[in-house]
Ligand code: GDG
């Protein structure tokens, strides 16, 4: 077994960022200030990437630009919205962008999550691409771009790293103002086929804006291929070289590559070892049960009602498992202002009630719902002690839960059931039990097969999966992205000297 977690970023990356500006731009901030009983408290909004980037930013002493959504955020910041973080030992600047309710409705709920989120997940029927929302999206992207430009001024050495689909327009805006900086973007969700993306009335504007980046990173080669197809269709003036992912457009070259995001396997192992299980087991009455686990934000892309239908079929087909197999649904509410999410919530509630009414007994419920946000120790204990993980998204950029479950399997006895439509399937599919979430009977049969796997085979599969997750972890991924960004700069220098 490889030791979990690469030790640190490479010397090349560490050296490069000790003397240059690193500016991260994301929708969510790494620290939020809120009022609690009249006192200002600080919290760290969850998320593996935020946690992983924080130490890099501390070392680089850079700037992180994000939406200040805490109710005391601007109390503790200066007039420009800037505050030094981490609060107990400040080393970098968090620059908060203030958004009005209207901005949040149009940019965040509207264009980001009613248009781009469903479209990128291939769900055309759910997408609403309202031009008014796009205008808010454009204005908010402009505000973030201005914050970047103010921060770096004319610094050609700066590296700007945009996170995700909230910033489809900011790269072109920044490029227009500061030509020389290195621009990089990581797109956390899938990139769909042109046949899907062309539904977006602003498809061409968004694709052309993303080409203002020097480096554009997706999780998988499939998304890279889809994006390059969209470039050819939407921006015919661009020249695409598929052999190296290079796109030449507007006197500029963008490298488009796939680096699959990893998890902090070392930290997950440490926390899973602390074993918060006995308390959790007692609280949710899981003693002596075989446990199947699902951990999701309540999102219609995650395939939660479809999974519950498959469990219902499983209990119909296997009455001998009643009273034993217990499915734990760790589900946190998400984007509840959007109608499609309210419908999902109702559908999940009804499905769970139906299955529990049909099969539950006086001392056993087939589905246990855990709605509260769990501290990491407890979440990883739950992963560690679960016999099966049901990771069944209809479509998912990566799905970090699949990798976290694997990293927390210290005893290597669990089985991962994994949707072929999750980005994680590319790396983990060979040793997981692959499922198609749309096939109710197929998923029910796969649960049965997974439970029946001989111990030796389960261990072999999980050991291989752990090696894979441990060897390409969050730090290895970050090192790849930042090295590739430095390479882009090198390539640009070469092009300049060739033409000198
Ligand atoms: C997007 C893409 C891509 C959940 N409940 C608790 C908790 N979590 C954490 C998990 C995991 C994270 O939430 C969910 O990450 P996913 O990757 O599954 O999904 P999205 O939120 O949709 O993320 C996705 C990701 O970006 C990264 O690029 O993989 O495809 O959609 O880390 O652990 N954490 C804690 N308590 C909980 O109760 N502490």
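The values are calculated or read from the model by the stated rules, or taken from the named source; none is laboratory data. Just so you know, these numbers come straight off a predicted model, no measurement behind them. Don't worry about glycine lacking a Cβ; one is built from the backbone with ideal geometry, like all the others, and counts go over all protein chains shown.
A few notes on this one:
- Among the helices (runs of 4 or more DSSP H) confined to region 160-277, the ones with at least 3 residues that are outside the structural domain of residue 114 (by TED's automatic domain parsing) are located at 265-274.
- Hey, residue 117 within 16 Å of the ligand (Cβ to nearest atom), in the same structural domain as residue 188 (by TED's automatic domain parsing) and over 26 Å from residue 195 (Cα atoms) or not: no
- Every test in (1) touching a residue at least 12 places away in the same chain (Cβ under 8 Å); (2) closer than 30 Å to residue 218 by Cα; (3) out of contact with any strand residue (DSSP E or B) (no Cβ under 8 Å at 6 or more places or on another chain); (4) away from the ligand (no atom under 16 Å from the Cβ) is passed by residue 313 save one, and that test is (2).
- Residue match in region 355-368 (condition: near the ligand (Cβ under 9 Å from one of its atoms), in contact with a helix residue (DSSP H, G or I) (Cβ under 7 Å, 6 or more places away or on another chain) and either in the same structural domain as residue 286 (by TED's automatic domain parsing) or within 25 Å of residue 454 (Cβ to Cβ) (or both)): no
- Residues in region 379-402 that are over 25 Å from residue 438 (Cα atoms) and out of contact with any strand residue (DSSP E or B) (no Cβ under 9 Å at 6 or more places or on another chain) were compared, and the one that is farthest from the ligand (Cβ to nearest atom) is 384.
- Of the strands (runs of 3 or more DSSP E) that lie entirely inside region 307-398, not one contains 2 or more residues that are more than 27 Å from residue 270 (Cα to Cα).
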